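The values are calculated or read from the model by the stated rules, or taken from the named source; none is laboratory data. Quick caveat: nothing in here was measured; it's all calculated off a predicted structure. Cβ placement follows ideal geometry from the backbone for every residue including glycine, while neighbour counts extend to all protein chains displayed.
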């Protein structure tokens, strides 16, 4: 494992229509922190919801690696980004460990001023991962308010081999498992070894994880997929699938967003195994948005502190919620 201390920085989205993308997340209650636009050069925006990990949105013109990704995966979540103190050293260590490069460290310069130095690598499934070193920039990082308010909680990707994916992220980026809903694959389940793998999902936090302002996690789902994730995996294979927000008012946030024109994916439903309510929406480009009841602060923090994360698998975790097919998003109406 590299000695670099990685910290989640942002989730990167590619969108063909910046205004519509931002309107969708504003309808949820997210805040626009910054937007930078220069015609024929760049269109970049940052949004927040409750924690210091941001959502970054990019619209055309795109960098070459992003054009290639959009050609394969469509307009969606493109990457998860980490911040560190020394991008060059982190990149060199990852290369030495056999991780595949997306691009070598290079400066991001605006008007002659270096804003950041960034490199990119690929996960084994082809997921883009950014490594960023901030220079001469201070993007606002909101502090968390009341714990029950809307907060960005995790980004998720789908993989055929959950155990291998978990090993990659823990080994190379120092992530630690803070929530575990996994079980052995049974013969006939399919998957990488058909009976010799792992199914379910895990949540992984970084070295700076805390239950206050930095609770963001990476969720990995693998082995088998439910009524929400299954069609997406069948269509796109391994990919960053959704972002999730926690709130004490899942039903209220969902209904208000739908009333403003955000497309519903699945209505709020109570899940006994999580002792919480979950609801789903489509964003402007069809990417899934999960709304989840706020998780008790000690539930993941204790696992991160102790390194012990007991399995919480429940055999019937795969519910069959009603799924609304996407009709094609209409402009979201944000009330004054």
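Details
- Elements of type strands (runs of 3 or more DSSP E) contained in segment 243-330, each with 2 or more residues being over 21 Å from the mean Cα position of the chain (by Cα): 264-271
- Segment 191-202 residues that are at pLDDT below 60, paired with ones that are buried (at least 16 other Cβ atoms within 10 Å of the Cβ) and in a loop (DSSP other than H, G, I, E, B) (beta carbon under 6 Å, 6 or more apart): 191/185; 191/197; 191/223; 192/160; 192/161; 195/185
- Segment 4-57: number of residues that are in contact with a helix residue (DSSP H, G or I) (Cβ under 7 Å, 6 or more places away or on another chain) and either over 26 Å from residue 247 (Cα atoms) or in the same structural domain as residue 253 (by TED's automatic domain parsing) (or both): 3
- Only listed residue being in contact with a strand residue (DSSP E or B) (Cβ under 6 Å, 6 or more places away or on another chain), surrounded by fewer than 19 Cβ atoms within 10 Å (Cβ to Cβ) and at pLDDT 80 or above, chosen from 321, 325, 297: 321
- Filter pass, residue 121 being buried (at least 19 other Cβ atoms within 10 Å of the Cβ) and in the same structural domain as residue 68 (by TED's automatic domain parsing): yes
- Strands (runs of 3 or more DSSP E) fully within segment 1-68 that include at least 1 residues being modelled with pLDDT of 95 or more and buried (at least 22 other Cβ atoms within 10 Å of the Cβ): 7-14, 42-48, 54-59.
- So residue 205, is it surrounded by 21 or more Cβ atoms within 10 Å (Cβ to Cβ) and farther than 29 Å from residue 5 by Cα: no
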